[in-house]
Amino acid sequence: MNLCWWSDKDTDISCCILKCNVNPRPSYKIPQKRQSCKECNDDVLIAKALENYSDKWKKQETNFKKFRSLLSNKCHAVSKAVVTQNNTPLGSNVIYDGERRKPLHVTQALFNILAKEQPFGNATWESCAVVGNGGILANSSCGEEINSAQFVIRCNLPPLDKGYEKDVGNKTNLVTANPSILHEKYSGLMERRRPFVESLRPYGQALLLLPAFSYGHNTPVSLRAFYTLEDFGSNSPLPVFLNPDYLRRLSKFWRERGLNSVRPSTGLIVASLALEICSNVHLYGFWPFSKHPYDSQAITNHYYDNRESKKNVHSMPTEFEYLLKLHNQGVIRIHLGKCQPTHS
């Protein structure tokens, strides 16, 4: 007999589902396709998420200020999120957040290309849209609403053309780029580099946030991206480097709140950043499940492809659970489903 079990401790991520793949007595009906335990698990997680989600959202100013204060006191995004000449002086060492035993000495050449000042300054944007790449954005008609935000953050160089504008918009103030993308799409910038520059045109003069100092192998390709844009990229995004000290502080902040993933995902990093620099934070494309929350139809992993994320590194459903708590507390707003037109 194939039994599945249920543990209250495991209802958030990993559990075998009650009655999953169980057939207690012979059946002479036409065989039906059974759900796998993973499918059952997703169904339970989706049901749990929807039970805790309300689209009738109202900002709770007291909760927002309290959480923002905690985050700012621990992480200091305004002064530490980006590596600058002020927070990383000449002759100091950069400590990789993923390889702490291999510091990088700040030479004159490296110091010269660091941002002279923190790009966020002391400014606070009134409204910020943080756009994840989840398949839930497909056919959402959220592009106009996203574009209406004062500051728009995007993750990992997502496509904005080919008809995606209606669902995801095209305004961009900050976009991240994982070095793995530079290797996979542009041969690590070891060959022709102009295609890389041309592909960044849709982002205008946004900040390009590179995690150059997470691991030692990220540094050379990130520096090549910087020099490529310096050489070829007039009117292109401005490359800046994500500060490993900020990442360490941010990881500790979320661990202290019970989130024990190996590393925060890019989505969680930029959502956390937005909470420090924006008065009103709206999340789009944050839905880590393979079925749509409202019609249960299958959706792709991203709005532009179905490539899987690194599940052994990031725990997307668990991260979403924590973000959902902030939604329910009126701290951030998570948008699921279709967006309403802002004007006719």
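Since every read-out is calculated from the coordinates, none of them should be taken as a lab result. Fair warning: this is a prediction, and the values are worked out from it, not measured in the lab. FYI the Cβ positions are ideal-geometry reconstructions off the backbone, even for glycines, and counts take in every protein chain you see.
For helix 244-255, report the angle its Cα long axis makes with the longest principal axis of the Cα atoms of the chain; keep it between 0 and 90° and round to the nearest 10°. Compared with the principal axis, the helix lies near 30 degrees.
Once the convex hull of the C-alpha atoms of segment 178-297 is built, how many Å³ does it hold per residue, rounded to a whole number? Don't skip to the answer; put the middle values down first.
Details: hull volume 19.3 nm³, N = 120.
So the per-residue Cα hull volume is 160 Å³.
When you restrict to C-alpha pairs under 8 Å that are six or more residues apart and normalise by the size of segment 197-254, the relative contact order lands at 45 percent.
Show me the ranking of peptides 86-98, 119-131 by mean Cβ neighbours inside 10 Å, starting with the highest.
Working: 86-98: 15.9, 119-131: 18.0.
Going by the mean number of other Cβ atoms within 10 Å, highest first, we get 119-131, 86-98.
Dividing the mean sequence gap of close Cα pairs (under 8 Å, 6+ apart) by how many residues the chain holds gives a relative contact order of 23 percent. Relative to the dominant Cα principal axis of the chain, helix 37-51 is inclined by about 80°. Of interest is the spacing of the C-alpha centroids, which for segment 181-223 and segment 40-112 amounts to 21 Å.
If you wrap segment 52-335's Cα atoms in a convex hull and average its projection over all directions, what's the area in nm²? Can you show the working numbers first?
Values: hull surface 58.0 nm².
With the hull built on Cα positions only, its mean projection is 14.5 nm².
Under 20 Å of direct C-alpha separation, and excluding same-chain neighbours fewer than eight residues apart, Lys185 reaches these aspartates and glutamates: Asp161, Glu198, Glu230, Asp231, Asp305, Glu308. So, counting K/R as plus one and D/E as minus one, what does the shell of residues with Cβ under 15 Å around Gly163 add up to? With Lys, Arg at +1 and Asp, Glu at -1, the neighbours total -3. Orientation-averaged projection of segment 133-197 equals 4.8 nm² [convex hull of Cα atoms, one quarter of hull surface area].
Report the calculated FRET efficiency for Asn280 and Val44 (r = Cβ-Cβ distance, R0 = 35 Å), to the nearest 0.05.
Details: r = 32 Å, r/R0 = 0.92.
Given R0 = 35 Å and the Cβ-Cβ separation, E is 0.65.
When the Gaussian network model of the chain links Cα atoms closer than 10 Å, the mean-square fluctuations of Phe232, Phe213, Phe320 top out at Phe232.
Across the alpha-carbon set of segment 194-242, the Rg to Rh ratio works out to 0.97, Rh being the Kirkwood radius. Three principal axis extents describe the C-alpha atoms of segment 119-164; from largest down they are 36, 21, 17 Å.
Under a model in which nothing but the beta-carbon of Lys, Arg (+1) and Asp, Glu (-1) is charged, segment 60-176 shows a dipole of about 540 debye around its Cα centre.
In debye, nearest 20: dipole of the chain around its Cα centre with unit charges on the Cβ of K, R (+) and D, E (-)?
Values: 43 positive and 31 negative charges, 137 e Å.
Magnitude of the dipole: close to 660 debye.
Could you tell me which residue out of Pro119, Leu157, His76 lies farthest along the dipole of segment 52-335 toward its positive end? Charges go on the beta carbon: Lys and Arg +1, Asp and Glu -1, centred on the Cα centre. With unit charges placed on the Cβ atoms, the residue in question is His76.
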